[in-house]
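See structure below.
The values are calculated or read from the model by the stated rules, or taken from the named source; none is laboratory data. All figures in this text were calculated on a predicted structure; none of them were measured in a lab. Don't worry about glycine lacking a Cβ; one is built from the backbone with ideal geometry, like all the others, and counts go over all protein chains shown.
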Ligand code: SF4
């Protein structure tokens with residue numbers, strides 16, 4: 001996987017209190033193929049919209065913010081810019097910031113894709129795009145990028161937004177099918193470990 005130095009963004013929110021616990025710098029990427037009815041950000045769906053930013057400049061802006069307790073990567077669909085989002089997440093982790101990533105995909109599908117990429121080394125070296133054999137189910141996701149983004153994510157909020165399951169009572173997510181997954185614990189144990197929100201005050205995962 002060749003790191004990218006740019007990312008296409010729908011926008012940012014440097015002082016979000018709704019995209020995960022605490023005060024967070026939220027980054028909304030541009031482009032999403034899920035097309036969930038009732039999407040909260042329909043303008044973020046076209047892949048060619050938004051604006052291209054240099055990742056090093058965005059990382060410097062977040063570092064200079066100084067107040068953010070964590071970074072949230074949302075969208076749009078972060079895993080459809082997985083290589084770029086992984087690079088941003090890796091840099092945020094290096095600054096000591098926890099990373100929440102939102103996705104319309106399910107963890108199991110992303111992990112399976114990432115595992116296949118790791119097993120086959122299935123990335124086209126000439127174009128840094130996933131080889132066809134490694135992308136049977138998620139054609140818009142770079143497998144090695146998916147692995148890198150999962151590896152740099154503390155909490156994954158997964159699954160599409162389902163209007164029939166929508167509730168304002170759910171912390172950090174729009175519909176009850178979506179899960180808050182403690183990614184390091186899940187990758188270590190090999191089973192889904194949910195992040196413990198403790199309802200009114202979220203506790204940190206042990207990995208933070
Ligand atoms: S995954 Fe998110 S951004 Fe994409 S269509 Fe669904 S709600 Fe909208």
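Of everything in region 16-52, what is more than 16 Å from the ligand (Cβ to nearest atom), part of a strand (DSSP E or B) and buried (at least 18 other Cβ atoms within 10 Å of the Cβ)? Give them in sequence order.
Restricting attention to region 16-52, the residues satisfying the condition of being more than 16 Å from the ligand (Cβ to nearest atom) are 17, 21-25, 51-52.
Applying the additional criterion that residues be part of a strand (DSSP E or B) yields 24-25, 51-52.
Those that are more than 16 Å from the ligand (Cβ to nearest atom), part of a strand (DSSP E or B) and buried (at least 18 other Cβ atoms within 10 Å of the Cβ): 24, 25.
So which pairs qualify, if the first residue must be in region 145-166 and more than 15 Å from residue 84 (Cβ to Cβ), the second must be within 16 Å of the ligand (Cβ to nearest atom) and part of a helix (DSSP H, G or I), the Cβ gap must be under 7 Å, and the two must be at least 6 apart or on different chains?
Pairs that qualify, where the first residue is more than 15 Å from residue 84 (Cβ to Cβ) and the partner is within 16 Å of the ligand (Cβ to nearest atom) and part of a helix (DSSP H, G or I), are 156/107; 158/107.
In region 154-180, what residues are touching a helix residue (DSSP H, G or I) at 6+ places or on another chain (Cβ under 7 Å) and within 16 Å of the ligand (Cβ to nearest atom)? Working first, answer last.
Pass one, region 154-180, residues touching a helix residue (DSSP H, G or I) at 6+ places or on another chain (Cβ under 7 Å): 154-156, 158, 175-177.
Answer for region 154-180, where residues must be touching a helix residue (DSSP H, G or I) at 6+ places or on another chain (Cβ under 7 Å) and within 16 Å of the ligand (Cβ to nearest atom): 156, 158, 175, 176, 177.
Mind listing just one residue for me: the one in region 53-86 that is out of contact with any helix residue (DSSP H, G or I) (no Cβ under 7 Å at 6 or more places or on another chain) and in a loop (DSSP other than H, G, I, E, B) and, of those, nearest to residue 144 (Cα to Cα)?
That would be 77.
Taking the conditions exactly as written (more than 17 Å from the chain's Cα centre (by Cα) and more than 17 Å from residue 98 (Cβ to Cβ)), does residue 48 satisfy them or not? Break it down into steps so the answer makes sense when it comes.
Working: more than 17 Å from the chain's Cα centre (by Cα): yes; more than 17 Å from residue 98 (Cβ to Cβ): yes.
Taking the combined requirement at face value, the residue satisfies it.
Among the listed residues 131, 84, 126, 119, identify the single one that is touching a strand residue (DSSP E or B) at 6+ places or on another chain (Cβ under 9 Å) and modelled with pLDDT under 95.
Values: 84 fails: modelled with pLDDT under 95; 126 fails: touching a strand residue (DSSP E or B) at 6+ places or on another chain (Cβ under 9 Å); 119 fails: touching a strand residue (DSSP E or B) at 6+ places or on another chain (Cβ under 9 Å).
From the options 131, 84, 126, 119, the qualifying one is 131.
Check 8, 91 and return the single one that is at pLDDT 95 or above, within 16 Å of the ligand (Cβ to nearest atom) and more than 19 Å from residue 174 (Cβ to Cβ).
On the way: 91 fails: within 16 Å of the ligand (Cβ to nearest atom).
Sole residue among the options that is at pLDDT 95 or above, within 16 Å of the ligand (Cβ to nearest atom) and more than 19 Å from residue 174 (Cβ to Cβ): 8.
On the basis of being part of a helix (DSSP H, G or I) and either at pLDDT below 90 or surrounded by fewer than 16 Cβ atoms within 10 Å (Cβ to Cβ) (or both), does residue 108 make the cut? Full working, then the answer.
Numbers: part of a helix (DSSP H, G or I): yes; either at pLDDT below 90 or surrounded by fewer than 16 Cβ atoms within 10 Å (Cβ to Cβ) (or both): yes.
It is true that residue 108 is part of a helix (DSSP H, G or I) and either at pLDDT below 90 or surrounded by fewer than 16 Cβ atoms within 10 Å (Cβ to Cβ) (or both).
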